1. Compute the distance in nm between two label points, each set 7 Å from the Cα along the Cα-to-Cβ direction, one at residue 105 and one at residue 162.
2. Rounded, prolate or oblate: pick one for segment 59-162, where a ≥ b ≥ c are the square roots of the eigenvalues of its C-alpha gyration tensor, a/c under 1.5 means rounded, and failing that, prolate if a/b is larger than b/c, else oblate.
3. For the pair residue 77/residue 117, report the inter-label distance in nm, with labels modelled 7 Å from Cα in the Cβ direction.
Amino acid sequence: MQHLRRRISCAMVGVAVLVAGCNRESNEPVPAAAETPEAAPAAPAPAPAPAPAREAGEAAFSGDAELPANLAQDVPIYAPARPVSSMTSAGHGTIVNLRSDDAAERISAWYGSELPARGWELEKQSGAAGSHLVTAHKNGRKASVLITGGPQGSQILLTVLEER
């Protein structure tokens, strides 16, 4: 029983360190958890490797809660939503991850009317059980909006791809 308690305690410390690291806004190492007689001392974190230079066509990931700077003006972003992360790749497309407190049905309806208002031609709009999909195309680009609702609000995954 003592062994089980020690394993649970160590696991809880590990989860706490992981959660603290995921919620940090910088690339600084996560401070070690307080040492207890049951926990071994933490080894110092290795220095982060320098980021490799990006070549043309490689993706740029933004873990920051912001929209990509080069997002086309005709791509609608649901205003009450908060950016979580984004990724862009020149010549390929953009992915934007958003969160909103609004219901998935409301967000889907907004994209269903806002995309055509900005010149996009709707291809599909469907939804069931809290998940909705809206797809459209315009000038050699394809947009898809996947909205997943839940008790804590909705997750919006907006993808704009260059058609080939």
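1. 4.0
2. Cα axes put segment 59-162 in the oblate bin.
3. 1.7
FYI, it's all coordinate maths here, none of it is from the lab. It should be emphasised that the depicted structure is a prediction, and the values quoted were computed from it without experimental measurement. Cβ sites come from the backbone with ideal geometry, for glycine too, and all protein chains shown count toward neighbours.
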